[in-house]
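The values are calculated or read from the model by the stated rules, or taken from the named source; none is laboratory data. Note that the coordinates shown come from a computational prediction; the quantities given were computed from them, not determined experimentally. Here Cβ is always computed from backbone atoms with ideal geometry, including for glycine, and neighbour counts include all displayed protein chains. These accessible areas exclude ligands, DNA and RNA; they are computed on the full protein's heavy atoms, side chains included. Shrake-Rupley method; radii C 1.70, N 1.55, O 1.52, S 1.80 Å.
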Amino acid sequence: MKKFNKLIILIMNIHMKPFILLLFLSCCLFSCSEDEIKSYHGDQYLYFSQLKGTEDKSVNVSFNNYPLDDELTVKIAMGLVGDPFSSPAPYKIGILADKTTALAENYSLPEAPSFKANSATDELEVKLIKTENLTEDVSLLLKIEPNDYFGGSILHYDTIRIVFNNVESQPLWWDKEVTNVYLGTYSRAKYRALVQYGGEEALNFGELNASQRRRCALRLKDAIAEYGLKEENGKSMTVPIY
């Protein structure tokens, strides 16, 4: 009987060892994963959430689309990885000078940007400044840098490029129909007048329906009559809308 019991114990030991080893390894893996999670949650990271869901890593702006403005504010969406802060948290944005062609006089960054409290999203506001040198595309490459509050960023979401210019050109939406029905022949002076007197929606003229386009064009027509608006060559400005 004793020999039989010893045989049973020996068989159990042989068959149980793999399970014991598997249980031991599982405990080790769980312990490692738990340490990694604790470390991950111990730091906060920022990233440019504006880049999510797109292959284009640039923000493109043209002062040509805002003929009355000498400054433009570009708002770049940002995201937080980790627990939100209970109070605004300062962060650091650097400029990659070797990949930036914009002059210092063409842009302005916040002196002390901070990520808002109790939130996982925020925006970085970058001011672009129109000068005579913007006759072709220039770029400003920004990078999120670590500081006392943030451990840094996420690969592929840590840099963003702003490309901007002041190249004067006819908007793509100013096509044959717009010329013949609403606004007449394009000119820079007429475009500025449209933006100034055509109403808030005039900036998005190309996206408007026929009724909205007519309304903007009639406002411009009224302004031409009231203020005697002229083209740059001194001739009276005209529009075909009636």
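Laid out as a table, the results:
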read-out: Computed magnitude of the charge dipole of segment 97-171 (debye, nearest 20; Cβ of K, R +1, Cβ of D, E -1); value: 140 debye
read-out: Cβ-derived FRET efficiency at R0 45 Å, LEU68 paired with ASP148, nearest 0.05; value: 0.60
read-out: Cα→Cβ-extended label distance, 7 Å offset, between LEU109 and TRP173, nm; value: 3.4 nm
read-out: Heavy atoms of ASP56 accessible to a 1.4 Å probe, total area in Å² rounded to 10; value: 80 Å²
read-out: Net length gained if the chain between SER119 and TYR242 were fully extended (0.36 nm per residue, minus Cα distance); value: 39.1 nm
read-out: Pairs beyond 26 Å (Cα-Cα), from LYS52/LYS99; LYS116/LYS143; LYS127/LYS235; LYS52/LYS127; LYS127/LYS176; value: LYS127/LYS235; LYS127/LYS176
read-out: Whole-Hz ³J(HN,Hα) from phi, Karplus 6.51 cos²θ - 1.76 cosθ + 1.60, for segment 59-76, glycine and proline x; value: 10, 10, 9, 10, 5, 4, 7, 9, x, 9, 9, 9, 9, 10, 9, 9, 9, 10
read-out: Spin-label proximity, ARG214 to segment 162-185 - amide N less than 18 Å from point 7 Å beyond Cα toward beta carbon; value: 177-184
read-out: Lys, Arg +1 and Asp, Glu -1 on Cβ, resulting dipole of segment 98-242 about Cα centre, debye, nearest 20; value: 820 debye
read-out: Calculated FRET value between TYR227 and ASN204, using beta carbons and R₀ = 22 Å, to 0.05; value: 0.40
read-out: Kirkwood Rh in Å, taken over all unlike Cα pairs in segment 130-201; value: 16.2 Å
read-out: HN-Hα J in Hz across segment 103-109 - Karplus 6.51, -1.76, 1.60, θ = phi - 60°, x for Gly and Pro; value: 6, 4, 6, 9, 8, 8, 9
read-out: In order through segment 144-156: 3J(HN,Hα) via Karplus (6.51 cos²θ - 1.76 cosθ + 1.60), integer Hz, x for Gly, Pro; value: 7, 10, x, 8, 5, 9, 10, x, x, 9, 10, 4, 6
read-out: Simple Cβ-charge dipole of segment 124-203, Lys/Arg +1 and Asp/Glu -1, about Cα centre, in debye nearest 20; value: 300 debye
read-out: In segment 104-165, GluC sites (Glu not before Pro) in a DSSP loop with at most 15 other beta-carbon atoms within 10 Å; value: GLU111, GLU132, GLU136
read-out: Residues with amide H under 5 Å from that of VAL59, placed H, sequence gap 5 or more; value: ARG161, ILE162, VAL163
